[in-house]
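Notes follow the structure.
The values are calculated or read from the model by the stated rules, or taken from the named source; none is laboratory data. Everything quoted here is computed from the prediction, not taken from an experiment. Positions of Cβ are backbone-derived with ideal geometry, glycine not excepted, and every protein chain shown enters the neighbour counts. All accessible areas refer to the heavy atoms of the entire protein, side chains included, with ligands and DNA or RNA removed. Shrake-Rupley method; radii C 1.70, N 1.55, O 1.52, S 1.80 Å.
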Amino acid sequence: MNQPTHDRLKKSTILSGTAIDRHPSKVGYLLRRSVSISMQTSASTYALVIDDHPLVAQGIEQLLMRIPPIDKVTMVSSAADGLSAIASTGAPLMVMMDFWLEEGSSTHFVTNILTLAPQTRVLMMSGDNHPTLAGKVRAAGAHGLVHKSCPPEQFMQVVKDLLGGAPWVE
């Protein structure tokens, strides 16, 4: 197999089973388009919140804005919009993503996020107490999981720890 064909197959394999299957035209284009964009923005200080509950997203935004070096928070309600935000704005310092979105489990989007922005820290959150949740988050490649019922002070410490390079799973 020649090298260009092998590279196309390799990229296809990385992206199969992800958002491309659900939104082939929009997300696939964004992934192809944004690889060079995300690599250009290494000094990013914004955080991206992906949650389909506006009240929760705004509360997270207020807490994140109190944590240096985060100086801006972008909020979106779907993983596809999150990928679009990364494509247009560049790699965020961190992504805070709800485990359950309208699209279903968001774990398959973690691979897409980390493909676009490999240095970005991904923290997932959930109100679900199911015992297999932490394993699914780790298997997806996310750097942490926090329960939505945790106190704000604990959430802020988790974010600081993640930004410092430590993993976190409740």
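Electrostatic bookkeeping for VAL76 treats Lys and Arg as +1 and Asp and Glu as -1; over the other residues with beta carbon under 10 Å from its beta carbon, the sum is -3. Neighbours of VAL56 by Cβ distance under 9 Å: Lys/Arg scored +1, Asp/Glu scored -1, total -2. Near ALA142: Cβ cut-off under 10 Å, other residues only, Lys/Arg at +1 and Asp/Glu at -1. The net charge is +3.
Taking all protein chains together, SER105, SER88 sort by accessible area into SER88, SER105, largest first [probe 1.4 Å]. Treating r as the C-beta distance of SER149 and ASP71 and R0 as 35 Å, the FRET efficiency rounds to 0.80.
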